[in-house]
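Novice: A single structure is presented below for examination.
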Amino acid sequence: MSALPREMAAAKVMLDEVHDDLPVSSTDHNTYILGSIKEHNVVIACLPSGDYGLVSANTVAMQLLSSFRSIRFGLMVGIGGGVPNSAADIRLGDVVVSKPTGIYGGVVQYDYGKALSGQFQRIGMLNRPPQILLTALSKLQTNHIIGGSKIADFLAEVGQKIPQQASGFARPAQEDHLYLSDYHHVNSESMTCDACDPTQIVSRASRGHDEPVIHYGLIASANKLVRDSKLRDRLGRELGVYCVEMEAAGLSNNFPCLVVRGICDYADSHKNKIWQQYAAVVAAAYAKELLLCTSVRHIDQVQTVRDSLSKASDFQVPFNLTGVPAVENFLGRHEELERLWHYLQPEKNKKKRSRKVAILHGLGGIGKTQLAIRFAREHKDHFTAIFWLAGRNRETLLQSLSSVLSQLPSQSGNSAAKNEGEAEQNAKQVLKWLALPDNSQWLLILDNVDQYSPGTHDGYDIEKFFPTADHGSILITSRLQSLTELGRPFPVQGFNFEDAISLLWQRLTDGDVMNLINRLGGLPLAITIAGAFMRETGTNVSEYLQHYQSSWHDLQLHANPGRHYPHGNVLQTWSVSYDKIRKQDPDIAELLLFLAHFDNRDIWYKLLKNGTRSSNQPKWFAEVLSDSLVFKKRIKILIEFSLLNVNEQGGSYMMHPVVQDWCLDVASIEDKARNRRWDELALVSVGYTVPARFEAPYWELRRRLLIHADYVRRAWINDCLTDDAAIWDAIHRIGMLYYDQGKSKKAEAMYRRALAGYAKALGADCIPILDMINDTGALYLNLEKLKEVEMMSRRGLAGYGKAPGPYHIAVLDLVNNLGVLYSGKGNLSEAETMYQWALAGYEKALGPDHNSTLVTVTNLGHLYRDQKKWMEAKKLYQRALAVYKKTLGPNHTSTLNVVDNIGVLYRDYGKLDEAETMLQQALAGYKRALGFDHTHTLNTFYNLGILYKDQGKLEEAKILYQQALAGYEKVLGADHVFTLKIVSRIGDICIDQRKPKEAETLYQRALAGYEATLGPNDYRTMEVAEALKMLGSKRGRKHRRALL
């Protein structure tokens, strides 16, 4: 058996004779080449073109047995990727033969297992090759030791058999190069490694000959092509394998065979097809030599593969789809089907037989039933019998099981049950039949088992309906995660994007389609409803998306997903689960609706716990969130019904987006006032989770909170000025979150709302108002809105009389901001007075190492840098840096801010190498902590650009400026002063590069923006106008005339 046509061709040229074709079974769709090698009759089969992998190999083997009933064993012959290691010097053109080693039978399915405590544990073992082939293997190894291999002779015969095509099977002239594992192929479009670095080639001693070397050991098999040197090396290290390939694991358990692989590449990024034909013919030559070591007399004594399976035919039952809601155009789910098959496939080895129970569990409407139907249809020829049972409750299951009796081979006449007693008896007979010793290859599918209450007197325990024998395969579909205690869990998730597109019958390139698929979260039920509505009404995707967002309830109310979804539309599907939850724990039903008021992707206990800061929380809320253990116990029921999922990294939960839409719809219908209260509670939860700036891991938590801040901000449309100070504290904190993440416009909007709210709740001169004024002033300083800074400062100063003294923290914060304002306006003496006042107050009230103290220390350092007092500035920066490193660590953003400032300081007084080191360190840290689009990162791009320009590295400086410009345009907008400053700087570089036209375009953009934003008399506007004038620009001259 071969996977590729070139492998089949290589096998064909090894035949001594080629025979005519023979008729095959009507169910056999394979293509064969028939022939003989000495006295052995040989059938050569190939996998369908483009359909590779484990399942395809198994299907071809099973169909082959239906036509050729005298087959005794098989050889899987073809190419594979070599795994060089210290135990075996494997090279291109060598041959690897599967041989039992240690606990493995010769082939290891390396991707089959389970995750335990973060580790992947492989489970199960594939069968050994048949004894007759292992005996021949030993004989051939002995022959090679004594007399050498005949492979070269067989290859020479190829030239005699097909002289015109023989060159295609010759050893390639290309050198055999193995590259270091961490060096990747340079040119992905090239079939050769001509552009790869020869210094990265592994040095290996010359063999002195070109003949293939035979290696005996383990072969790693899985359903994917390996082009990853790290994975290759890990498989070699952990399993001791010599080769990787894609088909052998699909045969080893059901078809007695040996695997022979010619090495055509090293399973890395340098993989190409140049060695494939030679590797294929070398493997075929070895297979021929092995076959010649096998006696026909001994082969005739081996039971045929078909006879070894024949006992199962006594229990054959045709698959019946009556009453099963099967779709004709099933889409996707290939990986899920593969995993199910590997686990549930019938075991041929009696000693290894045991009952297998698979639990398909997931959200209602996610496609569990259709996945089970597809599995049954794909593998109806691999099981002797498949029975589909309705498992909704005990009564329906009993009736389904009873109806199976009439389908059994031993039954005749009408055995339909007339009453419950007869149904019980029929069901018992069916279970006895399934438990018969030789009847082990059946599949029982229990669909829609959404009740499970073992251990109770009148409860529904599905396990009581399992056959008593320890064999057979059982597949259960359910929303309940608790059923996974009965077998192996197979969680079902939403469709991937491509399959969801196919279900909608739309084109992949439509941007609206992408938005809709994301909105529906890949849920097949919701996608089916959407596709049906659009086809039936002529609605396009954009219109449907608008209806979905504005009229969700009306859109779903009359939706009909068809017979394939017996639970009905989205409104109906989860109502059953919700009603059950409400009966068992009404508080958790409330919690479910509350959770929908957060972003659905990442919800955790402490986030919810902070909602207890609200003065308007429901009575049950504090109870459920009293501690994390109580919360986890209570929330289990939501996970049980798949309405909430545990995130992979653990510690947080996620809700499907359509479940979230359903919850919000239910909440708004049941009680709009309560829904509004939950908006407030979610807002408080998010706001009070925002950490203080000086907490060491603060930036990680703040970035995690951004999605929730955006969600609650959009939901909080209530601008009524409530007296609940917790609301305004939360809004203030969310504003701080946006400010620290470089989201200035959002921060300003939140600060404005908090200012108005504090004034209403606490009075115009309260301390929180002063804090707000300080934070708003800091924001305006960052945006260089100096007029607004001055306005906020005067407002803060007006509140001094009622504040508790000049050294209160709120007052000191304001004084510090005034220092920044004066510094920005060039009033350096006044700025220094403000900084010294703030510094003395902070040191007295908070201590020398407090974050507020260090911020002022840094600001004073900026002032001294502007005054060219280099040593005084450096001393202050180093003071702040030492404390930040000690208390927050070297990668905290506060530490990186000081590193960046020291870099600018070094640049300003000519220490350019030291400056570059510091700026690169800050840039790397910002990228890691904040991402590319944060203003801190962009500022450092800008600072490094200035440095490179000073060093004469104009092109490097221009690239950095352009990166900063793209970020500023995205974060702050095209007309922000920071953006315009970068535009002007790029214009300066264009002047230096003698590109006046490009410079003029940039200057004109900067001038137009400055005039609109800052006015014609601002110094930045005038600087750009002067630059244009120097270029002879008409716009520059016009600006100068306007000033005159």
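No lab work stands behind these numbers, since they all come straight from the coordinates. The model shown is predicted, which means the values in this text are computed figures rather than measured ones. Here the Cβ positions follow ideal geometry from the backbone for every residue, glycine too, while neighbour counts run over all protein chains shown.
Novice: Mind giving me the nanometre distance, one decimal, between the label points for Gln316 and Lys161, set 7 Å out from Cα along Cα→Cβ?
Specialist: 3.6 nm
Novice: Could you give each residue of segment 706-712 its phi-based ³J(HN,Hα) in whole Hz, using Karplus coefficients 6.51, -1.76, 1.60 with θ = phi - 60°, and x for Gly or Pro?
Specialist: Values, residue by residue: 4, 5, 6, 4, 4, 5, 6 Hz.
Novice: Between the DSSP loop rule and a limit of at most 15 other Cβ atoms within 10 Å, which GluC sites (Glu not before Pro) in segment 601-664 are left?
Specialist: Glu648
Novice: Oh, and also: Gain in length, Gln399 to Ala1012, computed as 0.36 nm per residue apart minus the alpha-carbon separation, to one decimal in nm?
Specialist: Once the chain is fully extended between Gln399 and Ala1012, it gains 212.8 nm.
Novice: Using R₀ = 56 Å, calculate the FRET efficiency as 1/(1 + (r/R₀)^6) where r is the Cβ-Cβ separation of Arg234 and Glu420; round to 0.05.
Specialist: 0.45
Novice: Given H placed 1.01 Å from N in the peptide plane, which residues other than close sequence neighbours of Leu644 have an amide H under 5 Å from its amide H?
Specialist: Those lying under 5 Å, H to H, from Leu644 are Ile639.
Novice: May I pose another question? Which value in nm describes the separation of the simple spin-label points at Asp587 and Arg601, placed 7 Å from the Cα toward the beta carbon?
Specialist: 3.2 nm
Novice: Then there is this: If packing is taken as the average number of other Cβ atoms within 10 Å across a peptide's residues, how do 256-267, 476-487 rank, most packed first?
Specialist: Ranked by mean Cβ neighbours within 10 Å, highest first: 256-267, 476-487.
Novice: Order 998-1006, 196-204, 361-369 from most to least packed using the mean count of other Cβ atoms within 10 Å.
Specialist: The densest-packed peptide leads the list: 361-369, 998-1006, 196-204.
Novice: At a Cα cut-off below 24 Å, give the lysines reachable from Lys995, other chains included and same-chain residues fewer than 8 away excluded.
Specialist: Lys949, Lys953, Lys958, Lys981, Lys1029, Lys1034, Lys1038
Novice: For segment 1-80, state which GluC sites (Glu not before Pro) are in a DSSP loop and have at most 16 other beta carbons lying within 10 Å of their beta carbon.
Specialist: Qualifying residues, ordered by number: Glu39.
Novice: A follow-up question, please. Can you grab the distance from the C-alpha centre of segment 182-227 to the C-alpha centre of segment 365-437, Å, no decimals?
Specialist: A separation of 53 Å, based on Cα centres.
Novice: Could you tell me the calculated FRET efficiency between Arg339 and Arg69, based on Cβ-Cβ distance and R0 = 41 angstrom, to the nearest 0.05?
Specialist: Efficiency, rounded to the nearest 0.05: 0.80.
Novice: Continuing with the same structure: Starting from the Cα of Lys632, draw a straight line to each of the aspartates and glutamates and keep only those under 15 Å, dropping any in the same chain fewer than 8 residues away.
Specialist: Filter leaves Asp585, Asp587, Glu623, Glu640.
Novice: Something else now. Taking R0 as 25 Å, what FRET efficiency do you get between Glu39 and Glu211 from their Cβ-Cβ distance, rounded to the nearest 0.05?
Specialist: 0.35
Novice: Okay, moving on. Longer than 31 Å from Cα to Cα, which of Lys606/Lys927; Lys844/Lys875; Lys418/Lys464; Lys746/Lys911; Lys139/Lys224; Lys352/Lys432 are they? Say none if no pair is. Kindly include the intermediate steps, with their values, before the conclusion.
Specialist: Details: Lys606/Lys927 27 Å; Lys844/Lys875 21 Å; Lys418/Lys464 23 Å; Lys746/Lys911 39 Å; Lys139/Lys224 34 Å; Lys352/Lys432 21 Å.
Flagged as over cut-off: Lys746/Lys911; Lys139/Lys224.
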